[in-house]
1. Considering each of VAL114, VAL105, VAL126, VAL143 in turn, give the residue that is loosely packed, with under 15 Cβ neighbours inside 10 Å and within 22 Å of LEU55 (Cβ to Cβ).
2. Yes or no: THR87 surrounded by fewer than 16 Cβ atoms within 10 Å (Cβ to Cβ) and within 23 Å of LYS35 (Cβ to Cβ)?
3. Taking the stretch 154-176 as the search range and keeping residues that are part of a loop (DSSP other than H, G, I, E, B) and free of Cβ contacts under 8 Å to residues at least 60 places away in the same chain, which one is surrounded by the most Cβ atoms within 10 Å (Cβ to Cβ)?
4. Kindly indicate which of ALA176, ALA155, ALA160, ALA164 is within 28 Å of ARG97 (Cβ to Cβ) and modelled with pLDDT of 95 or more.
5. It is to be established whether one or more residues within the stretch 63-82 are free of Cβ contacts under 8 Å to residues at least 60 places away in the same chain, exposed (fewer than 15 other Cβ atoms within 10 Å of the Cβ) and either of a type in the set (Gly, Ala, Ser) or more than 19 Å from THR3 (Cβ to Cβ) (or both).
6. Among (1) modelled with pLDDT of 95 or more; (2) closer than 21 Å to LEU163 by Cβ; (3) outside any helix (DSSP H, G or I), which single condition is ALA113 missing?
7. For the stretch 31-83, name all the residues that are at positive phi and not in a loop (DSSP other than H, G, I, E, B).
8. Here is a list of conditions, (1) surrounded by 12 or more Cβ atoms within 10 Å (Cβ to Cβ); (2) of a type in the set (A, V, I, L, M); (3) within 24 Å of GLY62 (Cα to Cα); (4) without any contact (Cβ under 8 Å) to a residue 60 or more places away in the chain, and ILE138 meets all of them except one; can you say which number that is?
Amino acid sequence: MVTEYGTPASSLQNSGFLGAGGEGRARAGSVGEQKVAGILRTALRHSPATLLHDLRIPDARGANIDHAVISGRTVTLVDAKNWVGGTYWTLGGRTRRGLTATPHVDKRTLPLAVAKLDRLFLSRGVTVKFTMPLIAVISSNGVPLRFMFARAQEARLIPAERLAHQSFGRKPADPAIVSILRTLQN
């Protein structure tokens, strides 16, 4: 049985998004994070791994990690997204859905998180192995998501339902890693 800490989307629920459409974006983001959390719980139901939700990225204002799965000394970061369905493709480092530019896909939040967390663990003398981070996407309009030709920056784009078939490892989480990550929870 997976050990779980934190509340999915807690930083979005408490963020007080301002500006045009901010509340709607926060609501959509919250729905995506909660759905991805449910899929992760199901995928890990027989695992001794640890699942953490809503972690601040050290020294990165306003950026967070939606979910982290720890198995042994291996950490997988999962960013949950709620995007319009369709075919996404990348050319020259710029991603589009059909013919529409989608600059939000090209953000570098996960590589930043890996670098900052790696530094944090090194400063504490803890050895960690990071897997390729995952961007797990829920279709906001029911249209299937296709990422065959899409490339995220140092992360893997997948439809969220594929998390159910993802291998996260079968070891209990290293307590030192969990302890450090829990200090980053919102």
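1. Numbers: VAL114 fails: loosely packed, with under 15 Cβ neighbours inside 10 Å; VAL105 fails: loosely packed, with under 15 Cβ neighbours inside 10 Å; VAL143 fails: within 22 Å of LEU55 (Cβ to Cβ).
Matching residue, one of VAL114, VAL105, VAL126, VAL143: VAL126.
2. On the way: surrounded by fewer than 16 Cβ atoms within 10 Å (Cβ to Cβ): yes; within 23 Å of LYS35 (Cβ to Cβ): yes.
Yes: the conditions hold for THR87.
3. At the first step, the residues of the stretch 154-176 found to be part of a loop (DSSP other than H, G, I, E, B) are 154, 166-172, 174.
From what's left, free of Cβ contacts under 8 Å to residues at least 60 places away in the same chain: 154, 167.
Working: GLU154: 13, SER167: 10.
This residue is GLU154.
4. Numbers: ALA176 fails: within 28 Å of ARG97 (Cβ to Cβ); ALA155 fails: modelled with pLDDT of 95 or more; ALA164 fails: modelled with pLDDT of 95 or more.
Going through ALA176, ALA155, ALA160, ALA164 in turn, just one is within 28 Å of ARG97 (Cβ to Cβ) and modelled with pLDDT of 95 or more: ALA160.
5. Scanning the stretch 63-82, I find no residue that is free of Cβ contacts under 8 Å to residues at least 60 places away in the same chain, exposed (fewer than 15 other Cβ atoms within 10 Å of the Cβ) and either of a type in the set (Gly, Ala, Ser) or more than 19 Å from THR3 (Cβ to Cβ) (or both), so the answer is no.
6. The single condition ALA113 does not satisfy is (3).
7. Here is the first cut: in the stretch 31-83, the residues at positive phi are 54, 59, 62, 72.
Selection gives ASP54, GLY72.
8. Every condition holds for ILE138 apart from (4).
The values are calculated or read from the model by the stated rules, or taken from the named source; none is laboratory data. Quick caveat: nothing in here was measured; it's all calculated off a predicted structure. Note that each Cβ is placed from the backbone with ideal geometry, even for glycine, and that neighbours are counted across all protein chains shown.
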